[in-house]
Amino acid sequence: MRKIGIPFFIVNPKSYLYGEESLQLALVADNLAEKYGIEIFFTAPFADLANIRANTKNLKVTAQHMDSLVPGRGMGYALPESLKAAGIEAVFLNHAEHSLKLTDLVKTIKRAKELEIITVVCADSLEEAIAIAKLDPDILLCEPTDLIGTGKTSSYDYITETTTKIKEINENVLVMQAAGISSGEDVYQTIINGADGTGATSGILNAPDKSKRLEEMIQAIAQAKNKK
């Protein structure tokens, strides 16, 4: 598996963007990844992933969910081998909007490792983050559910505490903090205070100019990288 460059940024439009609009933002992100030398992940609905992969070269194209089944029986699931064949490099798991039971999370992380798909696993509390860190995900997203989409970021004490405790349990896990990220300054402070990466949804999508806001955030990642 290719090493993940840090600090990284995840553009996560969820289901707000699809088709041509999703592709256009992905193209902007692709150019920014090259311009600033920053690792950018880009999520999209399943049906858009292959098209985005075919039209970009610098992004880690990311599925928003994956199931643990193997090729064969199974209807209406996100098959890992199918995602891999479409060119995806990473997958979100256990997001608050698509949470998994522990047994399913264990199986799905295992399937992702078999196929060398990067796992971005979500945790909505420090306790959950500590438990998930033991499952050896590639990236652990510490995002209190009650802050998602509010524009309020996690406190810097929370960022420092969760990052430190996760690294104590598993130093190989990259820690992402992304609650309420809505400006370049939010991005900068999150990285400076210890996170390996961050990302945004509404902070980008609600901006008067999505492309401009995204560049502002990627510039901030680059500045924090140089500062650190």
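The values are calculated or read from the model by the stated rules, or taken from the named source; none is laboratory data. What you see is a predicted model; the values in this text were computed from it and never measured. Ideal geometry is used to build each Cβ from the backbone, glycine not excepted, and the neighbour counts take in all protein chains shown. These accessible areas exclude ligands, DNA and RNA; they are computed on the full protein's heavy atoms, side chains included. Shrake-Rupley method; radii C 1.70, N 1.55, O 1.52, S 1.80 Å.
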Just the residues that are outside any helix (DSSP H, G or I), without any contact (Cβ under 8 Å) to a residue 60 or more places away in the chain and either under 20 Å from residue 30 (Cα atoms) or open to solvent by less than 10 Å² (accessible area, probe 1.4 Å) (or both), please, taken from region 183-205. 183
Of residues in region 132-148 being assigned to a loop (DSSP other than H, G, I, E, B) and at pLDDT 90 or above, the one most open to solvent (accessible area, probe 1.4 Å): 134
Just to verify a result, which residue in region 1-28, among those that are under 22 Å from residue 174 (Cα atoms) and open to solvent by 90 Å² or more (accessible area, probe 1.4 Å), is modelled with the lowest pLDDT? 1
Subset of region 155-179 that is in a loop (DSSP other than H, G, I, E, B) and crowded, with 21+ Cβ neighbours inside 10 Å - its residue that is modelled with the highest pLDDT: 173
Filtering region 206-228 for residues that are more than 21 Å from residue 175 (Cβ to Cβ) and either touching a residue at least 40 places away in the same chain (Cβ under 8 Å) or open to solvent by 20 Å² or more (accessible area, probe 1.4 Å) (or both) leaves a count of 11
